[in-house]
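The values are calculated or read from the model by the stated rules, or taken from the named source; none is laboratory data. As the structure is a computational prediction, the values presented were derived from the model and not from experiment. Neighbour counts are summed over all protein chains in view; Cβ atoms, including those assigned to glycine, are modelled from backbone coordinates with ideal geometry. Ligands, DNA and RNA are excluded from the accessible area calculation, which covers all protein heavy atoms including side chains. Shrake-Rupley method; radii C 1.70, N 1.55, O 1.52, S 1.80 Å.
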Amino acid sequence: MENKGLTKVDLIFESIDVRKVMTKAFEMTSDEIIKEILDSGLKGRGGAGFPTGLKWKYTAAEKEPEKYIVCNADEGEPGTFKDREILDRAASKVYAGMAMAGKAMGSKKGFIYLRGEYRFLLPQLFVELHKFHKMIHEIGYDFNIEYRMGSGAYICGEESALFESIEGFRGEPRNKPPYPTVSGLFSKPTSINNVETLVTAVMIIDKGAKEYVKLGTKDSRGSKVFSISGDTPIPGIFELELGMTVQEFVNEFGDGDTKAVQVGGASGFCVPRKRFADTIIGFEGVPTGGSMKLFNSSRSMYNVLHNYLDFFAEESCGQCTPCRVGCQQLLKGVEKVKKGEAKSTYLTELVKLADTMKVASKCGLGQSVGNAFRSIVENFREEIIY
Amino acid sequence: MVTLKINDQEVKVAAGTTVLDAAKKLGVNIPTLCNHPDLCVAGNCRVCVVEQTGARTLIAACAMPVSEGMDIHTNSLKVRNARKHIVELLLSEHRADCTKCYKNQKCELQTLANEYSFGEHIFLDLVEDHPYAIDRSSPAFLKDDSKCIRCQRCVRTCAQLQHVSAIAVSHKGSHMKISSFHDRPMSHVVCTNCGQCVNRCPTGALTEKTYIDQVWDAIYDTDKHVVVQTAPAVRVALGEDLGYDPGERVTGKMVTALRQLGFDSVLDTDFTADLTIMEEGTELLTRLKKVLVENDHSMALPMFTSCSPGWIKFIEHKYPKMLPNLSTCKSPQQMFGALAKTFYAQKRNIDPSKIVSVSIMPCTAKKYEADRPEMRSSGYKDIDFVLTTRELAVMIKQAGIDFRTLEPTHYDSLMGTSTGAGVIFGATGGVMEAALRTAYEIVTGKPVPFNNLNITPVRGMDGVKEATIKIEGTVDEWKFLEGAELKVAIAHGLVNANKVAKAVSKGKVNYHFIEIMACPGGCLGGGGQPIPTSAEIRQKRMEAIYSEDMHMDLRKSHENPEVLAIYKEFLEKPNGHKSHELLHTHYIERESY
Ligand SMILES: Cc1cc2nc3c(=O)[nH]c(=O)nc-3n(C[C@H](O)[C@H](O)[C@H](O)COP(=O)(O)O)c2cc1C
Ligand code: SF4
Ligand code: SF4
Ligand code: SF4
Ligand code: SF4
Ligand code: FES
């Protein structure tokens, strides 16, 4: 087990000369930019963890003259607030990532899909966007960015639902294939990246992939921004090198009485105390889009689970059967078991149902409901039943 | 071509084929619910999930294109477990009181439930948690949300085929449902009552509003004289609900069955279809004369046909400015109704208040049409009850009639005689063809210059068809049309109707006469026709319609002896005073939501 320990880093918020890095990228070829990103091993920071370099490569390979770069700033995962912080403190680096991606993939148009609740950030973001456009046009870029607002539905953070939403339709995930790199926004090849992914790409181009890969592990290169909440004396935003164990994380952020950590928000996994030491935070262990929520022994894991299920039953888009009905069944099921109106063995049926949801749901939402469900029910069974 | 394996059998299919269709080719059946051959892929019910070796999740066979070397298993343990769960999940949200349900034994969910869910249900009942509503406001159909599996076939139908979007998905999560604009009653939105959604709903969530019991009551009431008319498209589709393959013509047997059911007189809408041609043809020629010769623009061109009540409501909502372009002719059903309680009553010496007028229609919008307040020109409700083809099949079954063994018989004579021109009203292009057969002959004194009177350019399933007929050798009265080119267009399915209407409203096309049918394929694909429907089935019905036409002795409306007689004895002349009173109508501007 490759284990890096807990190290704080400062890449995402580091103030850099954006003009300099944009000039550097302008002088690189499309292939050179993509190669740097591929070599860095960067994986998407929005949750799914798809290799960013590959996504860019596939999009670049499409022959279609019209392509789009979309920045996913919907940030709806409960317990995540890092993208807001990044936009607030380093917006020009987000724009830089998009323009660079545009250069690499032959796209002239970018959209930022901003979570509706973050509307208050817009005035400042517009000021910076205006400056940014002016600067890159001086360098010679032919690229423009527009904002589109989300309307409070968690599912609109899912990439294809996000496209539907921008196109003016109801936010329902599409069938895949075709993947966005082939047919995304307005059915054109589209590269959609998380806010943090784009900023990280800028830092990779700035420092070079060689330097970047020194951070993190083989499967989880680099560092990432964590949104830390729950029973911790120091909640907030922290950038940490990838590759630490949950134990090391808890040593730093716990309150001395941590019994579980929910890694990756509602769609992530619940790690119980007995697994802290052998669970790595990263793609080789428990991946996370950034949300880390700590629970101490005063917490009822039944309530934790109930909250998540309530959230999913509300936030499922409702189009597909396993997810729409499955969420309702899991929620009602644990309620009945808790009240003693269903046998505790019914939990076994529910775990099987969660497995069906994982393999048969149409999108990542339904497919990941089982993560929290299984990990909480299996590790805290008594708390659910009694 | 792509080669893949399904259940260890190799199959070669064209790139772009779905796994579902590839499996079909091998005779491997994968269950489906949200999938429909007329609609775009949704991939939301998930009952079609299958296992692809090496894939992280199961895949939806209806939505997944094949790829080279794919290895698919449609019946693995993983697949069976998931499928059973999915069917059970659907049932847990569903008020499954099948014995009370109109779709009992004709329901795709029930069929799957029979295969996958017997004995104890695994999951908890969620019906009590949902505030399900039944919307009975439309005179044409019911919407029962407790029977809805959210497959969105109706939504896709309404948007894609009909360009109406009267229904859409609203809310998310457990509250997700199919709604109208602001949850208004279906009677108070842009819905055209076309019933295309009803035709494609896999369950009992959308069903026609049935009047079977009322019709039985009328039949049993000895004080009442019950007349029944059958629309042209019914005879080529009824068989499908009675065990025949699509495309079987059952006209004579149907007439016998209706008689056995106890109707006092079995008559034919085709008769008033012929009459419509006389009225509408004359109206067209009058409009042409007024606009082209006399430069009198009090009448509008192009003229749209008006026999499809779904289309009428569509244009009333969406293009009210073009209402003057609609022919003022009532539909054949309503002409029949108005005459049944006037002409027919007089001739048969029956008190019209004792007549109950029933029509058997391929259409749900006709139920709505019969209820329109304008449709009372006989002094009574011109049509009392409209039954769909499907409802007639139910009555025949209820009566225990062995349909196959019936001897074919003929329609009764008063308002029962028709021509091939009346029959082809049932197919898209048919009204146009019938009108041309008559108008051309009126104007030139000669039959239309097409082999066997078959005006093939206006036939077929293209969404929008255009034709130009050059008029030569005119008789004196119509000299002004000599050498003129009559430009016509035909559209079926409201999405195509909309294309034509839009082009007309923008002045982009200069047609003289346009036939519009609200349903795909025309009435033969109507919302009251047997379920299922598909392009193939509609094609078969269409072939049957044209073959019915070819088998008729008379094939031109103006040669129908009963039509000639009614003008002589009762109506005087086409577009005359009496016609206007009984056979023509007006339209209403409606809001567009
Ligand atoms: C239900 C759901 C919600 C999501 N919400 C977000 C989100 O708020 N922000 C985000 O970046 N990605 C979100 N994603 C992931 C996106 O679909 C997509 O994978 C991501 O934007 C790709 O960017 P990345 O490769 O840079 O991570 C969500 C996925 C699902 C299934
Ligand atoms: S899994 Fe859930 S959120 Fe995703 S498409 Fe299905 S119902 Fe919608
Ligand atoms: S819709 Fe189907 S399953 Fe439901 S009650 Fe009716 S017949 Fe039964
Ligand atoms: S009846 Fe026709 S118009 Fe009305 S909702 Fe159904 S498909 Fe749409
Ligand atoms: S009403 Fe019928 S067609 Fe529409 S979603 Fe429900 S079950 Fe499907
Ligand atoms: S039939 Fe394939 S998902 Fe519904």
Handout entry: Charge dipole (the stretch A:301-385, unit charges on Cβ, about Cα centre) - positive-most of A:GLY370, A:LEU309, A:MET357
Key = A:MET357
Fill in the blank from the handout: Rounded to one decimal in nm, the spacing of the 7 Å Cα→Cβ label points at B:CYS98 and A:LEU54 is 4.5
Practice task
Kindly report, to the nearest 10 Å², the accessible surface of B:TRP478 as traced by a 1.4 Å probe over protein heavy atoms only.
Solution key: 30
Handout entry: Neighbouring partner chain Cβ atoms per residue of B:118-130, average, 10 Å criterion
Key = 3
Handout entry: Peptides ranked, highest mean first, by Cβ atoms within 10 Å: ranges B:271-277, B:508-514, B:7-13
Key = B:271-277, B:508-514, B:7-13
Fill in the blank from the handout: Here the percent of antiparallel bridges among DSSP beta bridges lying wholly in chain B, to the nearest 5, is 55
Completion exercise
Buried accessible area between A and B, both sides, 1.4 Å probe, in Å² rounded to 100, is 2900
Exercise for the section: With an 8 Å cut-off on Cα pairs and a minimum separation of 6 or more residues, tell me the relative contact order of the stretch B:2-75 in percent. Expected result: 42
Practice task
Take each uninterrupted DSSP H stretch in chain B, measure its Cα extent along the helix axis, and return the ones at 18 Å or beyond whose mean Kyte-Doolittle hydropathy is at least -0.5.
Solution key: B:77-92, B:269-288, B:430-444
Fill in the blank from the handout: Quarter of the surface of the C-alpha convex hull for the protein assembly as shown, i.e. direction-averaged projected area in nm², equals 44.9
Problem - Accessible surface of B:ARG153 - all protein chains present, 1.4 Å probe, nearest 10 Å² - result: 10
Exercise for the section: Assign one of three labels to the stretch B:120-208, namely rounded, prolate or oblate, based on the Cα gyration tensor with a ≥ b ≥ c the square roots of its eigenvalues; rounded applies when a/c is under 1.5, prolate when it is not and a/b is larger than b/c, and oblate otherwise. Expected result: prolate
Handout entry: Protection proxy ranking of B:317-323, B:360-366 - average other beta-carbon atoms within 10 Å, highest first
Key = B:360-366, B:317-323
Practice task
Calculate the all-directions average of the projected area of the stretch A:203-351's alpha-carbon convex hull, and give it in nm².
Solution key: 11.2
Exercise for the section: Before anything else, pin down the relative contact order of chain A: Cα pairs under 8 Å, at least 6 apart, normalised by residue count, whole percent. Expected result: 19
Problem - Beta bridges by DSSP in the protein assembly as shown, antiparallel share as percent, to the nearest 5 - result: 50
Fill in the blank from the handout: Set B:LYS103/B:LYS177; A:LYS67/A:LYS207; A:LYS43/B:LYS84; B:LYS313/B:LYS446, cut-off 30 Å on Cα-Cα distance; pairs above it are A:LYS43/B:LYS84; B:LYS313/B:LYS446
Completion exercise
Mean separation of Cα contacts under 8 Å (at least 6 apart) over the residue count of the stretch B:120-208, i.e. the relative contact order in percent, is 35
Fill in the blank from the handout: For the stretch B:416-508, shape from the Cα gyration tensor axes a ≥ b ≥ c, cut at a/c of 1.5 then a/b versus b/c, turns out oblate
Completion exercise
Per its Cα gyration tensor (rounded if a/c is under 1.5, else prolate when a/b beats b/c, else oblate), the stretch A:18-212 is best filed as rounded
Handout entry: Furthest towards positive pole of dipole, B:GLY521, B:CYS158, B:ALA393, structure part the protein assembly as shown, Cβ charges
Key = B:CYS158
Handout entry: Delta accessible area of at least 20 Å² on complex formation, residues of the stretch B:18-50, 1.4 Å probe, chain isolated as reference
Key = B:ALA42, B:ASN44, B:ARG46
Problem - Protein-only accessible surface order, largest first, of B:ASP135, B:ASP462 at 1.4 Å - result: B:ASP462, B:ASP135
Completion exercise
For B:ARG150, the accessible surface traced by a 1.4 Å probe with all protein chains present amounts, in square angstrom to the nearest 10, to 10
Exercise for the section: For chain B, count the residues as N, evaluate 2.2 N^0.38 Å, and divide the Cα radius of gyration by that value, please. Expected result: 1.01
Exercise for the section: Using a 1.4 angstrom probe, figure out how much accessible area the protein assembly as shown has per residue, in square angstrom, rounded to the nearest whole. Expected result: 38
Problem - Per-residue average of Cβ from other chains inside 10 Å of A:163-170 - result: 1
Practice task
Heavy atoms only, probe 1.4 Å: what % of the accessible area of chain B goes to carbon and sulfur, would you let me know?
Solution key: 51
Fill in the blank from the handout: A correct Kirkwood calculation over the Cα atoms of the stretch A:301-385 returns a hydrodynamic radius in Å of 12.3
Handout entry: Computed [θ] at 222 nm, deg cm²/dmol, chain A (DSSP H ≥ 4; -39,500 (n - 2.57); rounded to nearest 500)
Key = -14500 deg cm²/dmol
Completion exercise
On the accessible surface of the stretch A:301-385, probed at 1.4 Å with all protein chains in place, carbon and sulfur together account for a percent value of 49
Practice task
Would you tell me the mean number of C-beta atoms belonging to other protein chains that fall within 10 Å of each C-beta in A:359-366, as a whole number?
Solution key: 5
